[in-house]
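All remarks here apply to the structure that follows.
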Amino acid sequence: MTESRATTEHATTAPAGPAQVGPQGWWGRIDRGDLVRTAVVAGFVVGVAVLDRTGAPPAVVAAAAVVGLLIGCWPILAEAWGDVRARRMSMELSMLIAIAAAAAIGVWVTALVITVFVLAAEILEDLSLDRGRDALTDLMAFLPTTVDVDDGEVVTSVPLSALAPGKMVVVSPGGGVPVDGTVVAGASSLDQSRITGESMPVDVRVGSSVYAGSVNQTGGLQVRAERVGADSSYGQIVETVRAAQSAQTPAQRWADRFAAWLVYLALAGATVTYLVTRDWQATISVVVVAGACGIAAGTPLASLAAIGRAARSGAFIKAGTHLERLSTVDTVVFDKTGTLTTGVLRVTDVRPADGITVDGLLAATAGAEWYSEHPIGRAITGHAADRGLPVRAAADFDYQPGHGVIATVDGHRVRAGNTRLVPEATTPTQDNGGGSAVHVAIGDRYAGSILVADTVRASSRQAVADLHRLGLQTVMITGDTAQTAQAVAHEVGIDEVHAELLPADKAGHVQALRQSGRRLAMVGDGVNDAPSLAKADVGIAMGTGTDIARETADVILISADLADLTQALRIARRARRIVLANFIGTIAVDLVGMALAALGILGPVLAAIVHVGSESAFILNSARLVPGRQAPRSTALPDQVRASPGPQG
């Protein structure tokens, strides 16, 4: 009747590697031994009732009842004995006391009926907790145990556990992606729904990132492995499973203590009832009707199911404790670069001077930046390549740190940089949307400006709006300039901005916000965000961020989609509401039930029905969080496509 048996029993068997989880209905999950035991005891209920009604000798009725009680009470007795040795009160112990009291006064049918209800409740709890675990383990269903590795000469099959980063993995049509990595050859569509929550297939090509657990649907792919084993998205799921199944959250510990208090209250109420009424039936009913099984089993179920639902949406919450903290957050703090923005500079506008064409300005500047490794230079040369412009590399190249570059392109001296390098620029403060303006001079003449900016993520505006609708405040902390920070904050709708901060300053701001009474979630992606992530109530890392940020964080957004953040917050809040409703409902049912039982309105059998009925209602309330099974999209392919070889490096 408590969660200790089911949770402990399964925590020791948390998956340590790839698991294949097939669809299984409720009926298939029921332990046949428990089911047979419950059915046998129910048969004894009928038999003993018939013997009693037909006037059989009391000794025969008692003997039959004792046999039924021994069969049914053995698992209850084993758990109760464990609780006694651990010096803790439990529902098993209180129900055993009620069964023994009913047997002692010769109410054999009542004792057997209570036993049947206790056994049935155990089956329900195990079923519900199993479904909660499946919300996580079901995510592992399609990961292959072996992978095909291309060493440049031959493709060989090796165990997934032996794969090292840097290897080239071949993923055939219809196969599962075994690693997190980058596509180096081929193009296809991937079902990433089990990892990122994206419902539609995602098209990938050379340069695209892919995640372990995705299913390849059409073309063959060659993937460079970057994160394998425990470092991959699959490995993070495994760790989530282990943490969620083995660790108790504060709410679960509180639920266990609360269950013990209710048992003490029921025993005290039963004692008072007997002293006042001298009615054993009413006394037994008081013990039977009270129960905290709905919260003792429903609380861990809600935690498991919520973590599984969040994982299905692309947010891996590392433990139930972080889920609880996430449910109380009132402020979300964002880093800018790589979090609200993509972290990749792009050309946003080209503004040529009179007499200069857009393509001419771009070609000259790209030539000057040809040998540059600066992100701005890479953005300009990449943009020129995307437009298909013929770019001639510079004959000479001079990089001046903090100013720009000077190079000779096609016989012309080209300067590209800030106004210190190109003082001829006539509009040095032109609106650049928070980015950087690269001014260009060809010879001694100002040729125009190219605007380069870190583009805002497509999901940032909607995510911030959704957070506001949830009643949360939003804050940005960044090391970038105030002008750039304000421009991005205005574009996405951030409430409060702190700019030009060093990493230590960021952590200090997070600490100050917490000390002011706010409950913070910090979202970041870089090495400089790690101290801030650690200082926040909940640290949330972008899946595309650095290793140290992901290791420091409590929650990882695998697809780096901020919509997954708002979904995780909704799920955490919903789990909190459900657990709170279970607590309030249990208190109300138990207090009213004990009062009615003490007055003789509820007999022992009716009390048992109320007990199990309320327990079932609260467990099923938690089970509403369990995500439905996600059937894989069809990967059936024509024979000629299925037989086609994968890409060769």
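The values are calculated or read from the model by the stated rules, or taken from the named source; none is laboratory data. Remember, it's a predicted structure, so these values are computed and weren't measured experimentally. We place every Cβ from the backbone using ideal geometry, glycine too, and count neighbours over all the protein chains shown.
Structural remarks
- Residue identified as outside the structural domain of residue 172 (by TED's automatic domain parsing), of a type in the set (A, V, I, L, M, F, W, C), modelled with pLDDT under 85 and buried (at least 22 other Cβ atoms within 10 Å of the Cβ) among 560, 636, 623: 560
- Candidates 43, 28, 72: the one that is among the small types (Gly, Ala, Ser), at pLDDT 90 or above and assigned to a helix (DSSP H, G or I) is 43.
- Residue in segment 275-298 that is assigned to a helix (DSSP H, G or I), in contact with a His (Cβ under 7 Å, 6 or more places away or on another chain) and either at positive phi or crowded, with 24+ Cβ neighbours inside 10 Å (or both) present: yes
- Cβ-Cβ distances below 6 Å connect the following pairs, each with a first residue in segment 502-518 that is within 23 Å of residue 482 (Cα to Cα) and assigned by TED's automatic domain parsing to the domain that holds residue 530, a second residue that is among the charged types (D, E, K, R) and crowded, with 18+ Cβ neighbours inside 10 Å, and a separation of six or more residues or different chains: 507/535; 510/535; 511/535.
- Number of positions in segment 150-165 that are in a loop (DSSP other than H, G, I, E, B) and either over 28 Å from the mean Cα position of the chain (by Cα) or without any contact (Cβ under 8 Å) to a residue 60 or more places away in the chain (or both): 4
- Considering (1) buried (at least 23 other Cβ atoms within 10 Å of the Cβ); (2) at pLDDT below 85; (3) in a helix (DSSP H, G or I), the lone condition that residue 376 does not fulfil carries the number (1).
- When residue 179 is tested against (1) crowded, with 22+ Cβ neighbours inside 10 Å; (2) modelled with pLDDT under 80, just one condition goes unmet, and that condition is (2).
- Odd one out for residue 586, checked against (1) β-branched (Val, Ile, Thr); (2) at pLDDT below 85; (3) crowded, with 22+ Cβ neighbours inside 10 Å: (2)
- Yes/no for residue 337 being assigned by TED's automatic domain parsing to the domain that holds residue 467 and either surrounded by fewer than 24 Cβ atoms within 10 Å (Cβ to Cβ) or part of a helix (DSSP H, G or I) (or both): yes
For (1) crowded, with 16+ Cβ neighbours inside 10 Å; (2) over 40 Å from the mean Cα position of the chain (by Cα), each residue gets a yes or a no:
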residue: 325; (1), (2): yes, no
residue: 350; (1), (2): yes, yes
residue: 383; (1), (2): yes, no
residue: 387; (1), (2): no, yes
residue: 398; (1), (2): no, yes
residue: 405; (1), (2): yes, yes
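- Among the candidates 478, 408, 455, the residue that is among the β-branched types (Val, Ile, Thr), touching a strand residue (DSSP E or B) at 6+ places or on another chain (Cβ under 9 Å) and within 19 Å of residue 365 (Cα to Cα) is uniquely 408.
- Of all residues in segment 568-581, those that are among the charged types (D, E, K, R) have Cβ atoms under 8 Å from Cβ atoms of residues that are surrounded by fewer than 18 Cβ atoms within 10 Å (Cβ to Cβ), 6 or more apart or on another chain, in 570/470; 573/470; 576/328.
- Considered as a group, the residues in segment 211-225 that are assigned to a strand (DSSP E or B) and of a type in the set (A, V, I, L, M) include one that is farthest from residue 184 (Cα to Cα), and that residue is 215.
- Residue under evaluation residue 13, criteria (1) hydroxyl-bearing (Ser, Thr, Tyr); (2) closer than 30 Å to residue 213 by Cβ; (3) at pLDDT 85 or above, criterion not met: (3)
- Selected residue [crowded, with 18+ Cβ neighbours inside 10 Å, touching a helix residue (DSSP H, G or I) at 6+ places or on another chain (Cβ under 9 Å) and not in a strand (DSSP E or B)] from 507, 453: 507
- Residues being buried (at least 22 other Cβ atoms within 10 Å of the Cβ) and either over 15 Å from residue 416 (Cβ atoms) or among the aliphatic types (A, V, I, L, M) (or both) - total across segment 362-373: 4
- Residue count for segment 454-498 under the criterion of being closer than 15 Å to residue 565 by Cβ and free of Cβ contacts under 8 Å to residues at least 24 places away in the same chain: the result is 2.
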